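What follows is a short report on a single structure.
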Amino acid sequence: MRIHDALSGFVLALLAIAVLVTVSQYPPTPGQNVGPSAFPGLLGILLLGCSLLLIWRGLRGERQALVRLGDWTRSLPHVVNFLLVIAALLFYIFCANFLGFIITGILILSALFYSLGVRILLILPIAAGATLLIHTIFYKLLRVPLPWGLLQGMHW
Amino acid sequence: MDFMHLFGAAFQLVFDPYVLLVMFCAAVFGLFVGAIPGLTATMATALLVPITFFMPPIPAIAAIVTATAMAIFSGDIPGALLRIPGTPASAAYTDEAYQMTLKGQAETALGAGLVFSAIGGLFGTAVLVTAAPALAEIALKFSSFEYFWLVILGLSAAVFIGSSSVLKAVIALLIGLLVGCVGLENPGGYPRFTFGNTELMGGVSLIPMMVGMFAISEVLRFVVKTDPPARMVVKRLGNVFSGMWALAVKYPAAILRGSVLGTLVGIQPGAGADMASWMSYAVSKKFSREPEKFGTGHVEGIVESGAANNSALAGAWIPALVFGIPGDSITAIAIGVLYLKGLNPGPTLFLNNPENVYAIFLVFIIANIIMVPLGWLAIRLATNILRVPGNILMPVILLFCAVGAFAINNTVFGVTVTLIFGLLAFVMEENGFPVAPAILGVVLGTMLEENFVTSMIKADGNLLVFFERPISAGLGVVTLTILFWPAASWLVRQLRARPAR
């Protein structure tokens, strides 16, 4: 996904302005001329300058679409894969506590394996095996309190 | 403490069954990750960090050092056999190695990669061992002015070396520095850019961010890859060590040149093993007696840049240990680990914990030595490693990343950070914004601001104070020259062009 330099410059300029506005409301450190706003303020000004330069360079260069999508966006399976990776992490963020790590892990791996074309018969065993391996490493060896969720009653 | 005593203490720290076991596991992990195309040495480090988080400092650092050394070597394996570099550091001579494979010399290509990687790595280590303590003595006298210039110098080097667009590298750096501003940790102790979120009070956690930028982005690139899988051309490999002594006798200058150049490039902030290997390959071709053979399956370039990319790894640790300024993305992650472990990098580390510093040196030596037998094993098993299917590996890595990001603070907020920065890095790389300056910006942001603000308060409006002390003045002049060089040379070209019109 290639974004036109002028467009990324525009977005970055907006970010820089947002930073400058936010920073301008920070209270000064009493008795000193450099407070918490000095450094990010300087960065904001530099970023604004750079993004204007990027816009100028983008407009001067050859004409092209504002957003040029990569080859993979024209192939449905690849788009699904991409979205599935993001969805997997979102699913983890929102459901891991309720479902517990083991169920979440097996579901995420099975969905991705299926989408990436792993043989159907292998999906569940490998997903379960890998999840249990990661669980053992982190829960048993490193003592990370991974959530048990629905499996709370049978934790080991 | 005298030198022998120190080494004795370091010896005890390293030759502990636990540390050695960790190193062995890290070595196997590094060889595996490096050999799989799409999994880089930086990613190996990012994946290791959540685990090292739970270890004492020396095994944690030992794991990172060992895994990266192995991964940089084993990146040569798929380069030679599949014509796909396993890590970017092998990309410079992948075509050369593959040509050798087609000529039936795969074992020579891989053997040269292995043996001269180890030699380059040991050379870089020797420089690290001698230069770092000496530099630390000097660095003890540094005040906030010197540190300010040093950080700026490091960041400008990161921007100018190894990026195709300086402007985009500067923008990446500024974004990194702004990310580093998030949280309470600033001279005023004021919560900045936290959006009222308590999780952001302590700043954006470094480890989940690194895992996102170096691992999640790589997983995303894998799932959208449309290239067909590569085919292996060899079934069986001969003895990788045969003929290595002859090569060492034939190309001593190349080995030395590669090691020296690699170490120097490694010391430069922002330029790591991949840069060292590209530059060395070019230099090797330039100085070779048979430059016409380059590109047709000639081993000379592999010898030189194989030595260079591993020596760069050790070189990158010099500024990291002495000043806390990372030489590449790997040491940027390692510095984060050092801080977490209470071993704050800087000259005082050499004063207060010298045995830890010497232990790190020892780890480098051991890692480069065990690379030879383990690397030999990896080459023997290469055909099996390369058959590990990516469509199983990548989802498992994804789940591992999620757990790793969770494990640092035991909150799912870490996973959110991982997701956001994974997407950010993916979009950045697609659009030619380099990721390394952003990481350096985040790691160095706090240090830069601290020294900037302290210096500004000390200066009290008189900016000439920044140049008053001799070292500070020297660093300042060098930094400003590097910073304004492109602008000045552009101006000179414009002025020269004008009368012609």
Residue that is of a type in the set (S, T, N, Q) and under 27 Å from A:Leu124 (Cα atoms), where the choices are B:Asn431, B:Asn391: B:Asn391
Can you say whether A:Ala96 is small (Gly, Ala, Ser), more than 8 Å from chain B (Cβ to nearest Cβ) and in a helix (DSSP H, G or I), as far as the supplied structure shows? no
Here's a check for you: in segment B:417-440, which residue that is within 9 Å of chain A (Cβ to nearest Cβ) and part of a helix (DSSP H, G or I) is nearest to B:Ala215 (Cα to Cα)? B:Gly422
For segment B:180-220, the count of residues that are hydrophobic (A, V, I, L, M, F, W, C), at the interface with chain A (Cβ under 9 Å from one of its Cβ atoms), buried (at least 21 other Cβ atoms within 10 Å of the Cβ) and out of contact with any Leu (no Cβ under 6 Å at 6 or more places or on another chain) equals 3
Only one of (1) under 30 Å from B:Leu177 (Cα atoms); (2) surrounded by 18 or more Cβ atoms within 10 Å (Cβ to Cβ); (3) in contact (Cβ under 8 Å) with a residue 40 or more places away in the chain; (4) of a type outside the set (Phe, Trp, Tyr) does not apply to B:Leu351, and that is (2)
Number of positions in segment B:449-471 that are more than 8 Å from every other protein chain (Cβ to nearest Cβ) and among the hydrophobic types (A, V, I, L, M, F, W, C): 7
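Please verify whether A:Val85 is without any contact (Cβ under 8 Å) to a residue 60 or more places away in the chain, within 24 Å of B:Ala425 (Cβ to Cβ), facing another protein chain (nearest Cβ under 8 Å) and in contact with a Pro (Cβ under 7 Å, 6 or more places away or on another chain), treating the condition exactly as stated.
On the way: without any contact (Cβ under 8 Å) to a residue 60 or more places away in the chain: yes; within 24 Å of B:Ala425 (Cβ to Cβ): yes; facing another protein chain (nearest Cβ under 8 Å): yes; in contact with a Pro (Cβ under 7 Å, 6 or more places away or on another chain): no.
Here the answer is no, as A:Val85 does not meet what is asked.
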Taking the conditions exactly as written (in contact with a Ser or Thr (Cβ under 8 Å, 6 or more places away or on another chain), in contact (Cβ under 8 Å) with a residue 24 or more places away in the chain and of a type in the set (D, E, K, R)), does B:Asp95 satisfy them or not? no
Among residues belonging to segment B:464-484 that are in contact (Cβ under 8 Å) with a residue 60 or more places away in the chain and within 30 Å of the chain's Cα centre (by Cα), point out the one that is surrounded by the fewest Cβ atoms within 10 Å (Cβ to Cβ). B:Val478
Exactly one condition in (1) touching a residue at least 40 places away in the same chain (Cβ under 8 Å); (2) facing chain B (nearest Cβ under 7 Å) is false for A:Ile126; which is it? (1)
By residue number, the members of segment A:102-123 that are under 23 Å from B:Thr416 (Cα atoms) and within 7 Å of chain B (Cβ to nearest Cβ) are A:Gly105, A:Ile108, A:Leu109, A:Leu112, A:Phe113
Failed item in (1) aliphatic (A, V, I, L, M); (2) at pLDDT below 85; (3) assigned to a helix (DSSP H, G or I), with B:Leu237 passing the rest: (3)
The condition from (1) touching a residue at least 60 places away in the same chain (Cβ under 8 Å); (2) at the interface with another protein chain (Cβ under 7 Å from one of its Cβ atoms) that A:Pro40 misses is numbered (1)
If you check A:Gly35, A:Gly9, A:Gly49, A:Gly31, which single one turns out to be assigned to a helix (DSSP H, G or I) and either within 21 Å of B:Ser455 (Cα to Cα) or over 25 Å from the mean Cα position of the chain (by Cα) (or both)? A:Gly49
List pairs: first in segment B:56-73 and part of a helix (DSSP H, G or I), second basic (Lys, Arg), Cβ under 7 Å, 6+ apart or cross-chain? B:Pro57/B:Lys341; B:Ala60/B:Lys341
When only residues in segment A:1-21 that are facing chain B (nearest Cβ under 7 Å) and modelled with pLDDT under 90 count, which is surrounded by the most Cβ atoms within 10 Å (Cβ to Cβ)? A:Ile3
Going by what's in this entry, would A:Phe91 be described as in a helix (DSSP H, G or I), facing another protein chain (nearest Cβ under 7 Å) and either touching a Leu at 6+ places or on another chain (Cβ under 7 Å) or buried (at least 17 other Cβ atoms within 10 Å of the Cβ) (or both)? no
Taking segment B:375-394, which residues are more than 18 Å from B:Ala106 (Cα to Cα) and in contact (Cβ under 8 Å) with a residue 12 or more places away in the chain? B:Val388, B:Gly390, B:Leu393, B:Met394
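Looking at this structure, is A:Leu121 at pLDDT 90 or above, surrounded by 13 or more Cβ atoms within 10 Å (Cβ to Cβ) and part of a helix (DSSP H, G or I)?
No.
Look at A:Trp72 and say whether it is among the aromatic types (Phe, Trp, Tyr), facing chain B (nearest Cβ under 7 Å) and either in contact with a Gly (Cβ under 6 Å, 6 or more places away or on another chain) or in a helix (DSSP H, G or I) (or both).
Spelling it out, A:Trp72 is indeed among the aromatic types (Phe, Trp, Tyr), facing chain B (nearest Cβ under 7 Å) and either in contact with a Gly (Cβ under 6 Å, 6 or more places away or on another chain) or in a helix (DSSP H, G or I) (or both).
The values are calculated or read from the model by the stated rules, or taken from the named source; none is laboratory data. The shown structure was predicted, so the numbers you read here are calculated from the model rather than taken from an experiment. Quick reminder, even Gly has a Cβ in these numbers, built from the backbone with ideal geometry, and neighbours come from all protein chains shown.
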